[in-house]
Each structure stands twice: as C-alpha cells, then as structure tokens.
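Report on the following structure.
The values are calculated or read from the model by the stated rules, or taken from the named source; none is laboratory data. Not measured: the values here are computed from a predicted model. Cβ sites come from the backbone with ideal geometry, for glycine too, and all protein chains shown count toward neighbours.
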Amino acid sequence: MGDTYIQIFEEKVYPEIFATAAEYTIDLFEQQKDKITEMWKKVLQQYMEQLILIQKDRKVPPVTEIDLSFLYSSLQEEHPKYRIDSYGEGGRVFGDSFLIGFLPADWMTVGLEQLTRNLSERAVEESLRRYIRPAMIETLRLRAVRSLLYYFSMRFKYFIEDMIDFRLIAQIEKAPHFFIQIGEYMDWQKTIYAIRPAVDIFNCEQTADLRFRNFPAVLYKEKYFRELDLSHSVFKDSTFEDSSIEDCIMNDCVFDGCTFENVKVETTRMIGCIFSDCVFRQTSIIESIFYEEESNIKNLQYFEPAEFHECNFDGVALKGCVLTGCPVINCDAPKLNINADTKIEYSGFAKLVQETADEGAQDGIL
C-alpha cells in the first residue's frame, strides 16, 4: 500500500472504479463486435485500394508495416478514432507515413465519463478532494484508456483476418517482413498479422524471431524444442516424431493436418492454438496451458481458449494441464487418459471422456 494519499487512491480506489468502467466498455464492444468488424473491414479495404493505386504510380516504396494507432487527441473530439499509417523500410522509426486513414473507435470512450465522475465522487467521499485534483483525475482517465487499448489490441488479433481482404494484401508491394500492428500513435505497437520469410527452426541464428512464421510440411524427427517462442506461427501438414517440446511459448499457433507421434509436450503455453485435423499418437502432454486462467478484467489480459477440431487422440496422456473451456469438435479418443490434476471444466474434453466411458460400458455389456 502506498504511503501518500495519492498513492492510496491510485492503489485502492482507482482499480475498483476502473474495473466497473472496463467491464461496461467491453460488454458494449461485445454487443457491437460484428458491426465494428464490418465497419473496419470497409475502411481498410478502401485504404488498401488507395495504397495499391499510389504504388502503381511508383510514388511509394514497398510497405514494411501498416499501423493502426489510437489518437489520444481524438478523446477531445466527438468521435475517437485510430489512425492508419503505412511505412516503408525501417518502419515508423526511420520514415514518414505515406498514406493516412482513420478508423472509428467510439466504443473506447463509452465508460470514461462515468469513470471520471466516479473518481471525483470517491475523492470527496474519502475526504481527499484537496489531494486528488482534476489533473490527477485526468491522469487516471488516460491510464484507463491505455489499459483498454492494450486489451483491445489483444482482442483484435483474433479477428483482424475477418477485416482483411487478402486479395488486396496480395496486390500490395510488400517488404520481405510485413506487419500489421495496433497500438498507440508513435508509441507501443502490437503485431496482429504478419507475412515473414521462411526459416528453419533448427538451422537459423539464435536471435531469429520465430513468431508469425509458416512451417509447411516439415518433418521434425528426434528434435528438441526448448524455450522457443513460436507464437502465432502456422504448422501445415507437419509431423512431430520422437521429439519433445519443453518450456516453449506457442500461443495462438495453428496446427493444420499435423501428426504428433511419440512426442512429449511439457510446461508449454499453447493458449489460443487451433488444432485442426491433427493426430496425436503415443503422446504425453504435461503441465501445459491451453487456457489463460488469469485473464480477467483487472489485468486485462485476453486469450481465446485452444480449440481442437476433427482430431484423433490415440494413446494420449494429459497430465496437470489447463484445458478449461477448450472446444473439442468432432474428435475421436480411442485411447485418451486424463489425470485428476488436468482441468477440463466447461471444455469438450469432459464430454469426450464421458462418451468414451459410455461406449466402453456398452461394449462390456455386449
């Protein structure tokens, strides 16, 4: 707890009031998500069509990054907004934007007026009005905006592809490393989409960034994945055989048509992963996380639970894993062992285990 009245107010009063405002803002966003997605898609389509036209006139270089940046100055306007900027080699650090656009963001401020009012009222109630002045209230309001921006940046990574016309992306002249990012104008940015050159995980520089990569049809035989960050990468028709994956970060990866044969996955984060048409055979998954239990309104972390679609689990052991809320759709589990320490509440695994047990009971009767 802080020593001054201001610190006490920041640490005790502000979090409670912010949580209420954030919950209201996020609920409203959920209600309007489809409308917001469609609106952003339309604006981004127009923006990219314009970008393609000016590139054809040879007026701009290949694009390295497109930034979607919230403008704090728009908080003083009727409609808050994000600014769209395109940059060439070196990004925003080494060059100026050569095409500017704007995206509406009215949902960002719906709870701010109430937050400001509640902070002022609590300052009076706590007899702290002489210490918590309007400038302090404004500082806390901007802090609330920054926290919400970070939350929404994590949300948009899950449906930015619904806002992008990939036919237009293909027509844009891009640098070898191309990113779409979201964040604050001329400040932090979070990558939510990327196109990057192919790389060999086990034959590259140690400093190579392995996130947002594509690994198509690779055989990983007797390989040891350890302490690697492969977040947002796509593994298509790849095979993991006689290998181990330990202490890795693989959040939001896509595994499409992959096979895991005699593999041990241990203490690895696979939150938000999508497993589609995958085969798990003689594989152990130990103390790995597929759902972020600590996500909540106070720390504003956001991850989708991992999903399993049309997968087969044959001789698979899940030990001490977190699979809470994970969808399991059209999957088969002829031999799946889930120990008591694995959390499967509200997930498709709970139903899958029950169905397997019922089938075994029927077989015994027959």
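Here Lys351 does not fit the description of being in contact with a Gly (Cβ under 6 Å, 6 or more places away or on another chain) and at pLDDT below 95.
Among the residues making up segment 273-292, a single one is touching a Lys or Arg at 6+ places or on another chain (Cβ under 8 Å) and surrounded by fewer than 17 Cβ atoms within 10 Å (Cβ to Cβ): Glu287. Of all residues in segment 70-96, those that are of a type outside the set (Val, Ile, Thr) and in a strand (DSSP E or B) total 7. Residues of segment 121-155 that are among the hydrophobic types (A, V, I, L, M, F, W, C), within 29 Å of Leu71 (Cβ to Cβ) and without any contact (Cβ under 8 Å) to a residue 60 or more places away in the chain: Ala135, Ile137.
For segment 225-272, the candidate set comprises residues that are in contact with a Phe, Trp or Tyr (Cβ under 6 Å, 6 or more places away or on another chain) and touching a residue at least 24 places away in the same chain (Cβ under 8 Å); within that set, the residue that is surrounded by the most Cβ atoms within 10 Å (Cβ to Cβ) is Met270. It is to be established whether one or more residues within segment 262-276 are closer than 30 Å to Phe152 by Cβ and among the basic types (Lys, Arg). Yes, segment 262-276 contains a residue that is closer than 30 Å to Phe152 by Cβ and among the basic types (Lys, Arg). Among the residues of segment 1-54, just one is acidic (Asp, Glu), under 24 Å from Asp85 (Cβ atoms) and more than 22 Å from the chain's Cα centre (by Cα), namely Glu49. Each residue in segment 160-193 was checked for being of a type outside the set (D, E, K, R) and under 27 Å from Leu75 (Cα atoms), and 15 pass.
I'm checking my understanding of the structure. Among residues of segment 345-357 that are in a loop (DSSP other than H, G, I, E, B) and hydroxyl-bearing (Ser, Thr, Tyr), which one is surrounded by the fewest Cβ atoms within 10 Å (Cβ to Cβ)? Among those that are in a loop (DSSP other than H, G, I, E, B) and hydroxyl-bearing (Ser, Thr, Tyr), it is Tyr346. Could you go through segment 160-173 and let me know if any residue there is within 18 Å of Thr37 (Cα to Cα), surrounded by 17 or more Cβ atoms within 10 Å (Cβ to Cβ), without any contact (Cβ under 8 Å) to a residue 60 or more places away in the chain and not basic (Lys, Arg). Within segment 160-173 (the criterion being within 18 Å of Thr37 (Cα to Cα), surrounded by 17 or more Cβ atoms within 10 Å (Cβ to Cβ), without any contact (Cβ under 8 Å) to a residue 60 or more places away in the chain and not basic (Lys, Arg)), the answer is yes, since at least one residue qualifies. Quick check on segment 53-90: of everything there that is touching a residue at least 60 places away in the same chain (Cβ under 8 Å) and among the small types (Gly, Ala, Ser), which residue is surrounded by the fewest Cβ atoms within 10 Å (Cβ to Cβ)? So, considering only residues that are touching a residue at least 60 places away in the same chain (Cβ under 8 Å) and among the small types (Gly, Ala, Ser), the one surrounded by the fewest Cβ atoms within 10 Å (Cβ to Cβ) is Gly88.
Each residue in segment 300-344 was checked for being touching a Cys at 6+ places or on another chain (Cβ under 9 Å), on the phi > 0 side of the Ramachandran plot and in a strand (DSSP E or B), and 0 of them qualify. Based on what the data block shows, is Phe94 among the aromatic types (Phe, Trp, Tyr) and at pLDDT 90 or above? The answer is no for Phe94. Quickly run through segment 317-330 and pick out the residues that are surrounded by 15 or more Cβ atoms within 10 Å (Cβ to Cβ) and under 21 Å from Asn251 (Cβ atoms). Residues satisfying the conditions are Leu318, Lys319, Gly320, Cys321, Val322, Leu323, Thr324, Gly325, Cys326, Pro327, Val328.
Determine if segment 295-311 includes at least one residue that is among the charged types (D, E, K, R) and at pLDDT below 80. Yes.
Residues in segment 104-120: is at least one at pLDDT 90 or above and farther than 15 Å from Ala21 by Cα? Yes, because at least one residue in segment 104-120 is at pLDDT 90 or above and farther than 15 Å from Ala21 by Cα.
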